[in-house]
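Student: Sharing a structure with you now.
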Amino acid sequence: MSNGMIALMATLAYFICYGGNWLFGQCMIERPIIVGTVTGLFLGDLTTGIIMGGALEAIYMGAVNIGGATSAEPVSATVMSVTFAITAGLGMDEAVTLAVPIGLIFNSLGRPWIMVSTLFAPAYKKACENGDGKGLTRIILSSWFTIYFTKSILIFCCVFFGS
């Protein structure tokens, strides 16, 4: 597989697992065990994806964001560490070690997307005031897509240039 295709598969895994989790009501597909499996499946090494996902699930099992307190972001950490384990031939120890700082960095980078989501506030307010249910649905879906698609682009760049 070419670097571009690998980056695209990793990006797709991230978008489906992270974005899909929030689109379908916190269905827990953002957990490392699922993310690792999906990433491994997309990259053609399901066994490594499951093993890495299980190892990272043990690390991030208690990582829950409550209120303003946020922990490391496990989805990006899992996608990138599984991708590099499969493509660069990293051992499990190296890949798991790589996952922890990646999760912390991506958690820090998440703040700008909170500001992006506030750009949709006037449209939300207008749709609610007008009782426009279909308009509100369109705004929700467009804001969801904007936020998670732009986050996915960052994953693409990291995998494409990092490998």
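The values are calculated or read from the model by the stated rules, or taken from the named source; none is laboratory data. Source: prediction; values computed, not measured. Neighbour counts run over all protein chains shown; Cβ positions are idealised from the backbone, glycine included. Ligands, DNA and RNA are stripped out before the accessible areas are found, and what is left, the full protein with its side chains, is counted by its heavy atoms. Shrake-Rupley method; radii C 1.70, N 1.55, O 1.52, S 1.80 Å.
Student: Mind checking the angle between helix 133-162 and the chain's longest principal axis? C-alpha axes, 0 to 90 degrees, to the nearest 10.
Tutor: Approximately 30 degrees, to the nearest ten.
Student: Which whole-number percent gives the relative contact order of the range 1-107, counting Cα pairs below 8 Å spaced six or more residues apart? Write down the numbers at each step before the final one.
Tutor: On the way: 150 pairs, mean separation 27.3, N = 107.
So the answer I get is 25 percent.
Student: With unit charges on the beta carbon (Lys/Arg positive, Asp/Glu negative), name the residue among G25, G40, T11 whose Cα is farthest towards the positive pole of the charge dipole of the chain.
Tutor: Farthest towards the positive pole: G25.
Student: Here's something else I'd like to know. Give me the angle, in degrees from 0 to 90, between the Cα long axis of helix 74-87 and the longest principal axis of the Cα atoms of the chain, rounded to the nearest 10.
Tutor: It works out to around 40 degrees.
Student: With the Cα gyration tensor of the range 5-74 giving a ≥ b ≥ c as the square roots of its eigenvalues, does the rule (a/c under 1.5 for rounded; else a/b larger than b/c for prolate; else oblate) give rounded, prolate or oblate?
Tutor: Oblate, because a/c is 1.5 or more while a/b does not exceed b/c.
Student: Rounded to the nearest 500, what is the 222 nm mean residue ellipticity of the chain from helices alone, with -39500 (n - 2.57) per DSSP H run of 4+ residues and division by all residues?
Tutor: Mean residue ellipticity at 222 nm (helix-derived): -24000 deg cm²/dmol.
Student: Sticking with this structure for a sec: Between E129 and D93, what length in nm is gained on full extension when 0.36 nm per residue of separation is reduced by their alpha carbon distance?
Tutor: 7.6 nm
Student: Would you mind calculating the relative contact order of the range 39-163 from Cα pairs under 8 angstrom and at least 6 residues apart, reporting the percent as a whole number?
Tutor: Reported as a whole number, the value is 22 percent.
Student: For the chain, just say rounded, prolate or oblate: build the C-alpha gyration tensor, square-root its eigenvalues into a ≥ b ≥ c, call rounded for a/c under 1.5, and beyond that prolate if a/b exceeds b/c, oblate if not.
Tutor: prolate
Student: How tilted is helix 92-109 with respect to the longest principal axis of the chain? Cα atoms for both, answer in degrees (0 to 90, nearest 10).
Tutor: The two axes meet at around 20 degrees.
Student: Among K151, K134, K125, what's the order by accessible area (1.4 angstrom probe), most exposed first? Present the calculation step by step, with values, prior to reporting the outcome.
Tutor: On the way: K151 25, K134 160, K125 125 Å².
Final ranking, largest accessible area leading: K134, K125, K151.
Student: Still on this model: Chymotrypsin sites (Phe, Trp or Tyr not before Pro) within the range 1-72: which are DSSP loop residues with at most 13 other Cβ atoms inside 10 Å? Could you put the intermediate results ahead of the total?
Tutor: Values: sites: Y14, F15, Y18, W22, F24, F42, Y60; in loops: F24.
When the chymotrypsin sites (Phe, Trp or Tyr not before Pro) of the range 1-72 are filtered for loop state and at most 13 Cβ neighbours within 10 Å, F24 remain.
Student: Suppose every Lys and Arg Cβ carries +1 and every Asp and Glu Cβ carries -1, with no other charges. What dipole size does the chain come out with about its Cα centre, to the nearest 20 debye?
Tutor: 580
Student: So what does M28 come to for accessible area, using a 1.4 Å probe and Å² rounded to 10?
Tutor: 90
Student: Would you work out if the range 42-114 is rounded, prolate or oblate? Take a ≥ b ≥ c from the square roots of the eigenvalues of the alpha-carbon gyration tensor; rounded if a/c is under 1.5, else prolate when a/b is larger than b/c, oblate otherwise.
Tutor: Note, shape of the range 42-114 comes out prolate.
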